[in-house]
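The block underneath contains the structure these notes are about, expressed in structure tokens.
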Amino acid sequence: MAISSSPNFVNLPRHSNQALGIGQYAIDFISGKIGKPDVAVLERTELFHADAVICGLSALACRTNSPTILRAEALEYGVARPDQGACVFGSAQRVQPEKAVLANGAAVREWDSNGTNFGYNPTLGHTAGEFGHNDFYGVAVAACQQRGLDGKTAVRAMLCLDEIRGRLAEVFSLKTFKIDHVVHGAIASAAVYGALMGATAAQIESAIGMVVAHYIPWRAIRAGKQLSDSKGASAAISTEVAVLSMKRALRGFVGPKDIFRNPESLFRQFMKTNGDSPFDLALAHSGGDWAVMGMHFKLGLYEHQSAGALQGLINLINDNPGLLAGGGSKIKGIRIKAYEPAFGIIGDPAKRDPHTRQSADHSMVYIVSTMLRKAVEAAAAGSFKPDTMASHDGVWKQLMLSPFDYDGKAIAHTLTRSLMAKVSFEHGGAEYDAKYPDGIPTSLVITDDAGKSYDSTMVMYPAGHARNTTADLKGILQHKFRLLGALGVGEGAVDGLVAKLSGLEKKGAAEVAALYDVAIKERADFVDAA
């Protein structure tokens, strides 16, 4: 691995105190002492934030378990003064900031439908390929609400947080050692919250040290036949302890120093060195090369590892709509090939028969069969409309997977189950593995009842992927925002919600203070799978 020679980066070499360096970087960038990111970088950050909030509001409106419980918990932790607290989604009440970020983070992640990163930077040889998600923006908003800061500061803080966690994901694979990927986000959260709250670099170093020494989640929360609330709330809980650690450091509590070079920390325990950190770290401050520019959008509800298969399916049925005739009977078989870790995660045999939403949205067989079921139903109703665009944006919008595609009724749907029985999912081997995490190498072959095969060929960059150049990303996202936004606030309030979340960089402190104060419209028609 190497460090960057670009003047647009701050380099933290492995022989340096990187925890202290991350703290100083966060302070300098968020304050504006250094850094001028391109407009496109700021716009993409704002888009990821809007996506996250709309996902969270809809999860609360559907009264999903973990977000509902943690929001109620947060509202029990009121504060005496506005500068002591932040707001949860759907309320103007100020609560303890660690509880606000816990509640909001859990809501954002519940659908597993917001942004994703795969930790890939071949230019520097930083290709550890750790997962991560855009779950942490609530940290920036909470601190800005406490300090009375404006939208420009909030966006810079969000960008800084994604940069730290995104670059850590490029250089250290937590999943390799069965540690949950949210640790990178927790480190970034401590740094950004501290910088916004006026901490020194040494205080941020202490908070990062506490996070790594005291609060390491294992991937045990993601194992098992049927997943629990812990899986969806992992980022939120890690964010809670990051803010709490930073608050303690601000009061003078001293945590472990120089944690990346600490011989007993997870980093050096799992990757042995002679005293250095296991990696060099390069953090952007200017220009267009930022971690967030390599992060990916989900165009509906699905595990992102399945995006290549969904694009392949869309391509095939768009170009061969006759496959949808006969209520699905025309299709004899569906063969999917993909890379590791996709095959291991969403091809787990335990997930061939999911009974909960958290397991269904991590089942390749279920996800693909559900989208196909929607296409078959649309064709039977005469409403399926092929799209002439190269990425078939219109079909993405028609078949976009929503929370109702993972409720109890959908999971037990007889047509979905019959299609699932026709699906085989295979590991594509070295040919596929070599192309990840640059892309999402997946192929899908449908065989009809006459024995004819329809091959998607290998899909690398499906719509939503950072390196996709054909899809109208903003157009598809606007459809997603309306779909989920209507679930969260009602159809009549969607435009106002999107406007409220747009143009964040130009909003004043009062608008940031009220950013999450929206009327959530609870749904009685969503029944989660139990």
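The figures follow:
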{"quantity": "Filter result (out of contact with any strand residue (DSSP E or B) (no Cβ under 9 Å at 6 or more places or on another chain) and closer than 14 Å to residue 439 by Cα) within segment 311-352", "calculated": "341"}
{"quantity": "Test: residue in segment 331-346 that is surrounded by 22 or more Cβ atoms within 10 Å (Cβ to Cβ) and in a loop (DSSP other than H, G, I, E, B)", "calculated": "yes"}
{"quantity": "Lone qualifier among 301, 316, 323 - being at pLDDT 95 or above, in a loop (DSSP other than H, G, I, E, B) and under 23 Å from residue 418 (Cβ atoms)", "calculated": "301"}
{"quantity": "Subset tally (residues that are among the small types (Gly, Ala, Ser), without any contact (Cβ under 8 Å) to a residue 24 or more places away in the chain and outside the structural domain of residue 322 (by TED's automatic domain parsing)) for segment 446-472", "calculated": "0"}
{"quantity": "Hey, residue 306 assigned to a helix (DSSP H, G or I), of a type in the set (Ser, Thr, Tyr) and touching a residue at least 24 places away in the same chain (Cβ under 8 Å) or not", "calculated": "yes"}
{"quantity": "Any pair with Cβ under 9 angstrom, 6 or more apart, that starts in segment 270-298 at a residue that is on the phi > 0 side of the Ramachandran plot and ends at one that is in a loop (DSSP other than H, G, I, E, B)", "calculated": "275/15; 275/261; 275/263; 287/6; 287/7; 287/8; 287/36; 287/38"}
{"quantity": "Tally, over segment 77-109, of residues that are of a type in the set (Val, Ile, Thr), free of Cβ contacts under 8 Å to residues at least 24 places away in the same chain and under 17 Å from residue 512 (Cβ atoms)", "calculated": "1"}
{"quantity": "Test: residue in segment 59-78 that is among the basic types (Lys, Arg) and buried (at least 24 other Cβ atoms within 10 Å of the Cβ)", "calculated": "yes"}
{"quantity": "Qualifying residues in segment 427-458 (those that are among the charged types (D, E, K, R) and closer than 26 Å to residue 295 by Cα) - the one surrounded by the fewest Cβ atoms within 10 Å (Cβ to Cβ)", "calculated": "431"}
{"quantity": "Flag for residue 435 being over 21 Å from residue 298 (Cβ atoms), out of contact with any Lys or Arg (no Cβ under 6 Å at 6 or more places or on another chain) and basic (Lys, Arg)", "calculated": "no"}
{"quantity": "Answer residue from segment 1-26, given it is at pLDDT 95 or above and among the small types (Gly, Ala, Ser) and is surrounded by the most Cβ atoms within 10 Å (Cβ to Cβ) among those", "calculated": "19"}
{"quantity": "So residue 380, is it modelled with pLDDT of 95 or more and outside the structural domain of residue 46 (by TED's automatic domain parsing)", "calculated": "yes"}
{"quantity": "Conditions (1) more than 17 Å from the chain's Cα centre (by Cα); (2) not in a loop (DSSP other than H, G, I, E, B); number of the one not met by residue 5", "calculated": "(2)"}
{"quantity": "Any hit, segment 459-470, residues being assigned to a helix (DSSP H, G or I), modelled with pLDDT of 95 or more, surrounded by fewer than 19 Cβ atoms within 10 Å (Cβ to Cβ) and under 24 Å from the mean Cα position of the chain (by Cα)", "calculated": "no"}
{"quantity": "The listed residue being touching a Leu at 6+ places or on another chain (Cβ under 8 Å) and of a type in the set (D, E, K, R), out of 385, 351, 397, 374", "calculated": "374"}
{"quantity": "Sole residue being of a type outside the set (D, E, K, R), in the same structural domain as residue 21 (by TED's automatic domain parsing) and surrounded by 24 or more Cβ atoms within 10 Å (Cβ to Cβ), chosen from 220, 202, 213, 169", "calculated": "169"}
{"quantity": "Within segment 18-77, tally of residues that are in a helix (DSSP H, G or I) and under 30 Å from residue 262 (Cα atoms)", "calculated": "14"}
{"quantity": "Of residues in segment 297-329 being of a type in the set (Ser, Thr, Tyr) and crowded, with 24+ Cβ neighbours inside 10 Å, the one farthest from the chain's Cα centre (by Cα)", "calculated": "306"}
{"quantity": "Selected residue [over 21 Å from residue 475 (Cα atoms) and modelled with pLDDT under 95] from 338, 342", "calculated": "342"}
{"quantity": "Matching residues in segment 31-47 - criterion: being surrounded by fewer than 24 Cβ atoms within 10 Å (Cβ to Cβ) and in contact (Cβ under 8 Å) with a residue 24 or more places away in the chain", "calculated": "31, 32, 34, 35, 36, 38, 40, 41, 42, 44, 46, 47"}
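The values are calculated or read from the model by the stated rules, or taken from the named source; none is laboratory data. All values reported here derive from a predicted model rather than from experimental measurement. We place every Cβ from the backbone using ideal geometry, glycine too, and count neighbours over all the protein chains shown.
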